[in-house]
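Worksheet for the structure shown next.
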Amino acid sequence: MTSAPAADSRSETEVVAHLSRLDRFLPVWIILAMALGLILGRTVDGLDEALDSVKIGSVSLPIAIGLLVMMYPVLAKVRYDETQRVTGDHKLLGASLFMNWILGPALMFALAWLMLPDLPEFRTGLIIVGLARCIAMVLIWNDLACGDREAAAVLVAVNSVFQVFAFGALGWFYLQTLPGWLGLETTSAEFSFWSITGSVLVFLGIPLVAGFLTRTIGEKAKGREWYEDTFLPRLGPWALYGLLFTIVVLFALQGDAITSQPFDVVRISLPLLAYFTITFGLGMVLGKVLDLGYAKTATLAFTASGNNFELAIAVAIGTFGVTSGQALAGVVGPLIEVPVLVGLVYVALWARKFFTPSTTSDQGAPHV
C-alpha cells in the first residue's frame with residue numbers, strides 16, 4: 001500500500017488517486033473474489049468438504065494461511081516503539097473497551113431480536129457474531145483509511161485478551177441470562193475455551209510475533225529509512241493478496257449454503273448491515289466528541305465495527321453443527337462485512353475534513 005499524507009493535507013479524492021492500482025480498485029477485486037469463491041463452492045463437487053477437512057485442531061488451514069499472509073505485512077509496518085503512546089491514551093482504550101465489549105454485543109442482541117424474532121437459529125448465530133470481536137481484517141480496513149497503525153495493533157491485542165476470557169461469559173449472558181430476564185426464549189450453548197484461545201494465537205499471535213521480529217531485525221540491519229522506504233513497499237501488496245485469497249477460500253467453503261438459501265441470506269443480512277453502519281457511525285461520533293483526532297477515531301470505529309468471523313463460524317459449527325442456521329448466520333457475516341467496511345473506508349476518508357490532527361499518525365506518519 002502506498003504512502004498516505006497527513007490527515008489535513010489532502011482530500012479523500014486525492015488520497016484515493018494516490019493509491020496503487022491494487023488498492024484503488026480493491027472493491028472490484030473483492031467482489032470478483034467473492035464471486036469466484038461462490039462459483040467454485042457451487043460448481044465444484046466436494047470442494048467445500050476438501051477445504052474444510054484440512055485443519056489444525058478447529059482452525060481451517062487454508063483460511064489460516066490466507067489470514068497470516070494478510071496480517072503479516074500490516075503488522076510488520078507497525079512502529080512498535082510508538083505503542084506506548086497508545087497504551088497511555090486512557091480515552092482511546094476506554095472508548096474501545098466500551099464499543100467492543102458493551103455496545104457491540106448489546107447492539108447485535110437488540111438487532112437480532114428486533115429483526116429476526118421468528119428465526120431463533122439465525123438470531124443465535126448473529127448474537128455469536130456480535131461477541132466475536134475483530135482481530136484480523138480490521139487491520140486492512142484501518143490501513144486503507146489511514147488510521148493509527150500503532151493504535152490498531154494495541155486495540156486488537158486488547159480485544160484478543162478479552163476474547164479469550166470474556167467470550168464464554170458473554171455468550172451465557174446474551175443467550176440465557178438476559179433473554180430470561182426479558183421473558184424471551186433462551187438458548188443453551190457451550191463454548192470451548194481452547195478453541196477460542198487457539199483462534200487468537202493463530203490469527204493474531206503468529207503474525208504479531210513475525211511482524212515485530214521483522215521490523216526489529218530489519219531496522220537494526222539497515223535502518224528505519226531503508227525498512228520503510230524500500231522493504232515495506234515490496235511487502236505491502238501481500239496483505240491484499242492474502243485478503244483476496246482468504247475471501248475466495250471462505251466463500252468456496254460456504255458457496256453452496258449461501259446460494260441455495262437466498263431468502264434466508266437476505267433476512268440475515270439486514271441486521272448485519274444495520275450493525276456495521278451503526279457501530280461505525282457511533283465510533284466516529286465518539287472519537288469526535290473525545291477529540292481523539294482523525295487517525296485514532298478511524299481506528300476506534302473500524303476495530304469496533306469489524307467482527308472475528310472465522311471464530312464466529314468455528315464456534316457456531318462446533319456448537320450447533322455445520323448445517324445449522326447458526327452456522328449460516330456466521331457465514332453471511334463476512335458476505336456483508338467485507339463490502340460494507342470497504343465502503344466505510346471511503347466514508348472515513350471523506351470524513352477526515354471534520355477532524356483536527358492531534359496524533360502522530362494524523363501529522364504524517366507514513367502509511368506504506
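How much length is gained on full extension from Trp238 to Ser188, taking 0.36 nm per residue of separation minus their Cα-Cα distance? If you can, show how the numbers build up before the last one.
Numbers: separation 50, 0.36 × 50 = 18.00 nm, distance 4.13 nm.
Result for the pair: 13.9 nm of gain on full extension.
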Treat each spin label as a single point 7 Å out from the Cα along the C-beta direction, and report the Ala274 to Leu201 distance in nm. 3.9
Contact order relative to length of the chain, as percent, for alpha carbon pairs under 8 angstrom and 6 or more apart: 35
Quick one: net charge around Gln261, please, counting Lys, Arg +1 and Asp, Glu -1 for every other residue with C-beta under 14 Å from its C-beta. -1
What are the ³J(HN,Hα) values, in whole Hz, obtained from phi via the Karplus relation 6.51 cos²θ - 1.76 cosθ + 1.60 with θ = phi - 60°, for each residue of segment 149-163 in sequence order, with x given for Gly and Pro? 5, 5, 5, 4, 4, 5, 5, 5, 5, 4, 4, 5, 5, 4, 4
The long-range amide H neighbours of Lys55, using H built 1.01 Å from N in the peptide plane and a cut-off of under 5 Å, are Leu61
So for Met284, Met34, Met71, fewest C-beta neighbours within 10 Å to most, what's the order? Met34, Met284, Met71
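What full-extension length gain, to one decimal in nm, is calculated for Lys91 and Ala106 as 0.36 nm per residue of separation minus the Cα-Cα distance?
3.3 nm
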Anisotropy class of segment 52-188 from Cα gyration tensor, a/c 1.5 cut: oblate
Based only on other Cβ atoms within 10 Å, what is the fewest-to-most ordering of Tyr174, Tyr275? Tyr174, Tyr275
So, with points 7 Å from each Cα along the Cβ direction, the Tyr346-Gln176 label distance in nm works out to 4.6
Check Arg133: other-chain or 5+ apart residues with amide H under 5 Å from its amide H, H built from backbone geometry? Asn308
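If the chain between Ala210 and Phe354 were fully stretched, how many nm would it gain, using 0.36 nm times the residue separation less the Cα-Cα distance? Provide the component values of the computation, followed by the final result.
Working: separation 144, 0.36 × 144 = 51.84 nm, distance 3.62 nm.
Taking Ala210 through Phe354 to full extension adds about 48.2 nm, to one decimal.
Kindly identify the chain as rounded, prolate or oblate by the Cα gyration tensor criterion: order the square roots of the eigenvalues as a ≥ b ≥ c, call it rounded if a/c is under 1.5, otherwise compare a/b with b/c, prolate if a/b is larger, else oblate.
Working: a/c = 1.64, a/b = 1.37, b/c = 1.20.
Note, shape of the chain comes out prolate.
Give the calculated FRET efficiency between Val28 and Ile65 to the nearest 0.05, with a Förster radius of 22 Å applied to their Cβ-Cβ distance.
Details: r = 24 Å, r/R0 = 1.08.
E(calc), rounded to 0.05, equals 0.40.
Given a Förster distance of 35 angstrom, what is the FRET efficiency for Lys222 paired with Val285, based on the Cβ-Cβ distance and rounded to 0.05? List each step's numbers first, then the result.
Details: r = 43 Å, r/R0 = 1.22.
Once the sixth-power term is evaluated, E becomes 0.25.
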What 222 nm value per residue comes from the helices of the chain, counting each DSSP H run with n ≥ 4 as -39,500 (n - 2.57) and dividing by all residues, nearest 500 deg cm²/dmol? -22500 deg cm²/dmol
For Ser96, Ser60, which order do you get if you count the other beta carbons within 10 Å of each Cβ and list the fewest first? Ser60, Ser96
Once Lys and Arg get +1 and Asp and Glu get -1 on their Cβ, which of Leu51, Ala33, Met284 lies farthest toward the positive end of the dipole of the chain? Met284
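Please work out whether segment 213-321 counts as rounded, prolate or oblate from its C-alpha gyration tensor, where a ≥ b ≥ c are the square roots of the eigenvalues and a/c under 1.5 means rounded, while otherwise a/b larger than b/c means prolate and anything else oblate? Please list the in-between numbers first.
On the way: a/c = 2.81, a/b = 1.43, b/c = 1.96.
Oblate is the answer for segment 213-321, as a/c is 1.5 or above yet b/c matches or exceeds a/b.
Taken together, the values in this text are just the output of simple stated rules run on the coordinates, not laboratory data. From a predicted model like this one, the values you see are computed outputs, not experimental measurements. Neighbour counts are summed over all protein chains in view; Cβ atoms, including those assigned to glycine, are modelled from backbone coordinates with ideal geometry.
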